[in-house]
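The values are calculated or read from the model by the stated rules, or taken from the named source; none is laboratory data. Worth saying up front: this structure is predicted, and the values here are computed from it rather than measured. So basically every Cβ, Gly included, is an ideal-geometry build from the backbone, and we count neighbours across all protein chains shown. Heads up: the accessible areas ignore ligands, DNA and RNA and are worked out on the full protein's heavy atoms, side chains in. Shrake-Rupley method; radii C 1.70, N 1.55, O 1.52, S 1.80 Å.
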Amino acid sequence: MVLEASMIVVDNSESSRNGDYVPSRWEAQVDAVNLIFSAKTGANPESSVGLMSMGGNTPEILTTLTTDIGKILDGLHRTKIKGSSHFSTGINVAALALKHRQNKSQKQRIVVFTCSPIEEDEKALIKLSKRMKKTGISIDIIAFGELGEDTLKKLEAFSENVQSAEGSYLAVIQPSSNLLSDSIITTPILGGDGGPSGAGAGGDGGEGGASGGDSFEFGVDPSVDPELALALRMSFEEEKARQEKEKKAKETAEGKTELEQIVEGDEKQPLLDDEGQPSGSGSKDKKDKDDPDKMDTA
């Protein structure tokens, strides 16, 4: 089981008011933070999680590293939605919080939620990512909402340059009727394979399971927290079934369209032949006449 100190950075900028996620982008983050905390502490009881925001006038540490979910929920409850996000500053503050962790044997990881445009240029982000890599900090990015191509390009460049042996991942989750937390479960961030969610992984796929929580599925040991393990498994199965259903419905719709375009071969054949008999019965009548074994019933 991986022993980690993780700082979760939430995006509480004005963009988080958007309702393209149920019930809103901010509430979707709250639900996802709860899930990530449970997964991290469930994988190893000695792992700790902290919380901070990067919106408003400046990033703010809401909860220092802790194993108490109550403190995390209290920090989320106190958070106000305002201003714009400060991506680079938020990561720098999170790195500083990890540097002062009490247990130095804990590996360092930052999980960043972002649903707003990134103002920093790509060159500055690459420089920051290399510095984070040098200090041994892994960074997972959960990009959700309708982000522009420019923002996605910056995030991809950042994730590519921050890669380390511990694995850093970029999950791009498009708006849908599905819960944000359900989509995150299937990404390498929580030990999934990254396939069903359609998310882009910034690291090597083979490292996904290991970095998510050693050999345990979704990073949770069933013997330590069976209820959480079961909940994660059920959520994963529901998401997988939903996507398979959508795929099947799409294939059925495409197949129906192709069938409508096919013209039947007998469509132009007249209903009656030259003798006034049904056109489909000619070969049968001929066969009946030529059959010497057929009983004469006249």
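Once you have the Cα-Cα distance between Glu122 and Thr252, take 0.36 nm times their residue separation minus that, and quote the gain in nm to one decimal. Show your work: numbers first, answer last.
Working: separation 130, 0.36 × 130 = 46.80 nm, distance 4.27 nm.
Extra length available between Glu122 and Thr252 comes to 42.5 nm.
What's the percent breakdown of Cα-Cα distances in segment 4-186 across 10 Å bins, shortest bin first?
With a bin width of 10 Å, the distribution comes to 10, 41, 39, 10, 0.
How large a share of the accessible area of segment 1-123, in percent, is made up of carbon and sulfur atoms when the probe is 1.4 Å and the other protein chains stay in place? Spell out each step's value before the answer.
Details: 2600 of 5170 Å².
Summing carbon and sulfur atoms, their accessible area is 50 percent of the total for segment 1-123.
Dipole size in debye (nearest 20) for segment 4-186 around its Cα centre, Lys and Arg Cβ +1, Asp and Glu Cβ -1?
Details: 20 positive and 22 negative charges, 168 e Å.
Roughly 800 debye, rounded to the nearest 20.
Which cross-chain or sequence-distant (5 or more) residues have an amide H under 5 Å from the amide H of Ile141, H modelled 1.01 Å from N in plane?
Residues meeting the criterion, in which the H sits 1.01 Å from N, are Val112, Tyr169, Leu170, Ala171.
For segment 10-22, just list the computed ³J(HN,Hα) in residue order, Karplus coefficients 6.51, -1.76 and 1.60, θ = phi - 60°, integers in Hz, with x standing in for Gly and Pro.
Once θ is set to phi - 60°, the couplings for segment 10-22 become 9, 9, 9, 6, 4, 5, 6, 6, 3, x, 6, 10, 7 Hz.
Out of residues 5 or more away from Thr66 or on other chains, whose amide H comes under 5 Å of its own, with H placed 1.01 Å from N in the peptide plane?
Val49, Gly50
Ignoring ligands and nucleic acids, what accessible area does Glu238 show with a 1.4 Å probe (Å², nearest 10)?
Glu238 has an accessible surface of roughly 120 Å² with all protein chains in place.
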